[in-house]
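Before any comments, here is the structure.
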Amino acid sequence: MTRDPLWEEIFTERAWGRYPSEDLVRFGAQRLGHRQPRSDVQVLEVGFGTGANLWYFAREGYSVAGLEGTEAGCRRARSRLDLEVPGWNRVMSDECLRVGDMCEPMPWPTDTFDAVVDCNAVMCIDHASACEVYAEMHRVCRPGGWLYVRTSASGTWGEGTGEACGHHAWRCSEGPFLGTGMVRFATESDLLLLFAPWELVSIEQVSRTLKGRQKIHIEWVVIGRKAPT
């Protein structure tokens with residue numbers, strides 16, 4: 001399944017986050033900001049949670065779509081968009097936000113989107129399935145379109161604790177992912193396999209310390225591009 005069932009409860013109880021990360025905002029400005037009219041630029045997020053990133057793109061005038069594994073997340077995202085970004089779905093229909101399993105074929109035609117986004121969602125499935133998801137994201141992206149991914153990196157607090165769940169994946173017993181189900185901690189060599197269909201433009205890391213600088217949380221920020229035809 002797209003998300004561990006516990007996320008239905010998590011997103012029912014709280015919104016989890018209202019604003020996008022700074023590097024996602026920078027990605028939008030650098031890779032999409034010159035496109036006019038913005039309503040013609042279509043952005044897809046896979047595993048959009050409660051919709052903070054889609055809210056940002058919609059506020060900037062882009063057309064947004066998303067696939068989410070929880071009813072609660074989708075409900076919260078649509079409610080916020082309706083309230084804070086009137087007319088956000090005037091280009092794409094209400095069906096642009098869909099509840100579904102990212103491990104299944106995506107319900108959009110080939111070469112649909114100008115940018116596809118994964119922000120800490122695909123890291124919650126196993127490595128082999130994640131490779132298939134990123135290949136499917138490549139399929140629905142237009143030639144010359146962009147990929148943005150933020151995903152947990154090896155070395156993060158919690159890796160190696162709790163229950164092992166396959167290739168570099170753990171149901172952590174401590175750290176920032178305690179109580180959030182399975183999380184996969186990607187190594188740099190993993191990235192080359194995960195994003196094999198894509199032209200990788202940049203691979204960076206962002207990190208923050210925790211517990212009085214005794215622990216660390218590290219994430220990869222990956223930007224890729226689908227080769228123009």
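Rolling a 1.4 Å probe over the protein heavy atoms gives the range 44-84 an accessible area of 29 Å² per residue. Mean separation of Cα pairs under 8 Å and 6+ residues apart, divided by the residue count of the chain: what relative contact order is that in percent? Computed over the chain, the figure is 17 percent. Kirkwood Rh over Cα pairs of the range 27-141 into Stokes-Einstein at 25 °C, 0.890 mPa s: D in µm²/s? Roughly 173 µm²/s, to the nearest whole number. Each residue of the range 33-44 was assigned a 3J(HN,Hα) from its phi angle through the Karplus expression (A = 6.51, B = -1.76, C = 1.60, θ = phi - 60°), giving x, 7, 6, 9, x, 5, 5, 7, 8, 9, 10, 10 Hz with x at Gly and Pro.
Which of the trypsin sites (Lys or Arg not before Pro) found in the range 79-164 are in a DSSP loop and have at most 11 neighbouring Cβ atoms, other than their own, within 10 Å?
Numbers: sites: Arg80, Arg90, Arg98, Arg139, Arg150; in loops: Arg90.
Answer by residue number: Arg90.
Would you tally the net charge around Ser154, using a Cβ to Cβ cut-off of less than 14 Å, leaving Ser154 out, and scoring K and R as +1, D and E as -1?
-3
Determine the dipole magnitude for the chain: charges of +1 sit on the beta-carbon of Lys and Arg, -1 on that of Asp and Glu, nothing else is charged, the reference point is the Cα centre, and the result goes in debye to the nearest 20.
Roughly 720 debye for the chain.
Only helices enter this figure: runs of n ≥ 4 DSSP H residues, each worth -39500 (n - 2.57), summed and divided by the residues of the chain, yield -7000 deg cm²/dmol at 222 nm to the nearest 500. With a simple spin-label model that places each label point 7 Å from the Cα along the Cα-to-Cβ direction, the separation between Leu6 and Thr161 comes to 1.3 nm. Proximity of backbone amide H atoms, modeled 1.01 Å from N, is registered between Cys165 and Trp170, Arg171 at under 5 Å, excluding neighbours fewer than 5 places apart on the same chain.
Take the range 100-229 with all the other protein chains still there, run a 1.4 Å probe, and you get 43 Å² of accessible area per residue.
Taking one quarter of the surface of the C-alpha convex hull of the chain gives a mean projected area of 11.8 nm². The Asp40 and Ala227 beta-carbon pair, evaluated with R₀ = 22 Å, returns a calculated FRET efficiency of approximately 0.55. Can you list the residues, at least 5 places off or on another chain, whose amide H is less than 5 Å from the amide H of Leu97, using H built in the peptide plane? Amide H to amide H, under 5 Å and 5 or more residues apart or across chains, Leu97 pairs with Gly66. Comparing Cα centroids, the range 112-148 and the range 1-49 end up 13 angstrom apart.
At a Förster radius of 35 Å, what calculated FRET efficiency corresponds to the Cβ-Cβ distance of Lys215 and Ser79, to the nearest 0.05? It comes out at approximately 0.50. A 1.4 Å probe over all protein chains sorts Asp126, Asp114 by accessible area into Asp126, Asp114, starting with the largest.
The values are calculated or read from the model by the stated rules, or taken from the named source; none is laboratory data. No experiment lies behind these values; they were computed from the predicted model shown. Using ideal geometry, Cβ is built from the backbone for each residue, glycine included, and neighbour counts are taken over all protein chains shown. These area figures cover heavy atoms from the full protein model, side chains too; ligands, DNA and RNA do not enter into them. Shrake-Rupley method; radii C 1.70, N 1.55, O 1.52, S 1.80 Å.
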